[in-house]
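The structure appears below as structure tokens.
We did not get these values from a lab; they are worked out from the coordinates using the rules stated. Just so it is clear, the structure is predicted and the values come from calculations on it, not from any experiment. Every residue, glycine as well, gets a Cβ built from its backbone with ideal geometry; the counts of neighbours run over all protein chains shown.
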Amino acid sequence: MKGTSFQCPVRAHLILLAILCFAAVLPDSAQAAGFRMMGYDVSAMGSGNSQVAYGDGFGVLYTNPALMSRFQEKMGASFIFYRPELQIELGKRPANADIPISIYDARVGKLEDGLDRAVPTLETQHYRRDTEVDGFNPYLGLGMTQAFGIEGFRFGTLALIPIGDVANTTTRYPDEREQYYSNQVHFARFGEWDNMISGFLGVSYSPVKYVSLGVSVQVALAMLANINIYIPEATVQDYMLTTSKASIEWAFRPIVGLQVEPIDYLALGLVFRAEKYIKIDGRGSINMWNYHQSFEDSSIDVTVPNRPASNLSWAVDYEPMELASSVGFNYEGFRMQAVLTWERWSQFLDTSAQHPEEAAEFRALNRNDAVVNGEDYKWSDTLSVNVGAEYKYLTWATVKAGWAYSPSPVPMQKGRTNYADNDVMMVAVGHIFDFEILKHQFSAELGFQFWYMFDRVVYKDPGQIRDEFADGSVSLFGGEEMKESYGLQTNNPGFPSYKQGGWMVVSGGSLNYHF
């Protein structure tokens, strides 16, 4: 403190910068996909997440890192939350689609399509039910940009930290296998996200007035887990011993941006974002006491312990490869930009590490079952649009607005899979207040978004659904034909239909100190 002026020493900047760098490289452990649509800070939110040609917030580390060199060094904190209100309403099931308890009496053997066995509909862990996605999801944002005395250079860092659970991840099956777990249909791309920590580091440099370049990385995590189970007594099914071993590897999503201002009134932006998902590989094995496998040859009988093993693979927090281009216009306090983003959803991986076209296919149980063409269920690439505008109507006040439209890459789910999704549209408003305290410059910002998912009704084609009780099954004892096996029996939670839709609000406030 010196007189009435406030000194913010360089050492304090560096200490805070180190803290932010540490937070930014914490594992991105669950789904960040929501913020790629909403925006990673309040500034991006208020302008409809359109900051590719122009931008002055920490969120440009995602939208276009080249923009960091275009605004003053600063540090700031924000509070952000989103609240979805989304619903999936299931259609009434026909009674003859239920799997009867007599399936336990059937001679199932090893069927052609593998060892997945349906359970009687009455004995599922959870009864088939509607899906409600709601709740208040708050986050703390911390960001900083620093020049280190180098003209035209910026280093930036940003961390979004959930208030509550630091991270949680849920994997789901998009088909009848979900009967063993939630027995619900789930949203595939929008609204149903897990809490996460999200971090960015980036640099930007403007060698000349008209051009700025930027590179950032989104930090993620890859995990390998091994789980070993020992069952001392196979007839006692409520006790087992387990050990596990896990290893963690870092993964990074690069983002490369360019911004050009050929004249004072015009700006062009171009950014590339690589594909990203968190890959989780694992292996599980089971060892049971006195459970052996026999081998016979001409001279000796041999028995060895039977240790079933399974390789596991999941893919969570998928974000597609993106290429975004933008044109911006700036004149006497008014600034506007439009962004067109190509998103490569055709390579999408669900949480089971399957492409949708792979998940849709299955081997028929019955001789007359239709052949499913998985390519009919492949996701498509999309073009999303974002538009943002702002007007500085006073020297200390700026109003902002934005709009976005994101078409769904998901085809009609008339078959086995239940990827619930549809087109979404967003409107946004925001406001910036600039002020001084003890001759030091500050800014406060507010942002708000309203998202709407258009309703979509899905009707299933029975010929595209896996029959889980093979026609013509016979009883285990006696070999009598089981008439109840004929027709389609399935615990697929999406059969015969479902309706999806809803809305979401996003809001936040931030306070920034400008160096």
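Protection proxy ranking for 46-52, 135-141, 122-128, 152-158, using the average of other Cβ atoms within 10 Å per residue and placing the highest first: 46-52, 152-158, 135-141, 122-128.
Sort 453-461, 142-150, 472-480 by packing, meaning the average of other beta carbons within 10 Å per residue, with the highest value first. Show your work: numbers first, answer last.
Details: 453-461: 16.9, 142-150: 18.6, 472-480: 12.1.
Most protected by this proxy first, the peptides run 142-150, 453-461, 472-480.
Extension gain for the segment Glu123 to Trp396, taken as residue separation times 0.36 nm less the Cα-Cα distance, is 91.9 nm to one decimal. Extension gain, Ile101 to Ala364: 0.36 nm times the residue separation minus the Cα-Cα distance gives 92.5 nm. The calculated FRET efficiency for the pair Lys209 and Asp281, based on their C-beta separation and a Förster distance of 30 Å, comes to about 0.05.
Potential lengthening of the chain between Met240 and Arg83 amounts to 52.5 nm, from the contour at 0.36 nm per residue minus the alpha-carbon distance.
Each of the peptides 399-405, 284-290 was scored by the mean count of other Cβ atoms within 10 Å over its residues; in descending order, highest first, they stand as 399-405, 284-290.
Globularity index of region 397-448 is 2.05 (Cα radius of gyration / 2.2 N^0.38 Å, N = number of residues).
Say the cut-off is 30 Å between C-alpha atoms; which of Lys378/Lys400; Lys276/Lys392; Lys209/Lys276; Lys209/Lys279; Lys276/Lys414 go over it?
Numbers: Lys378/Lys400 38 Å; Lys276/Lys392 37 Å; Lys209/Lys276 33 Å; Lys209/Lys279 41 Å; Lys276/Lys414 28 Å.
Long pairs (Cα-Cα over 30 Å): Lys378/Lys400; Lys276/Lys392; Lys209/Lys276; Lys209/Lys279.
The Cα center of region 436-515 and the Cα center of region 402-423 differ in position by 10 Å.
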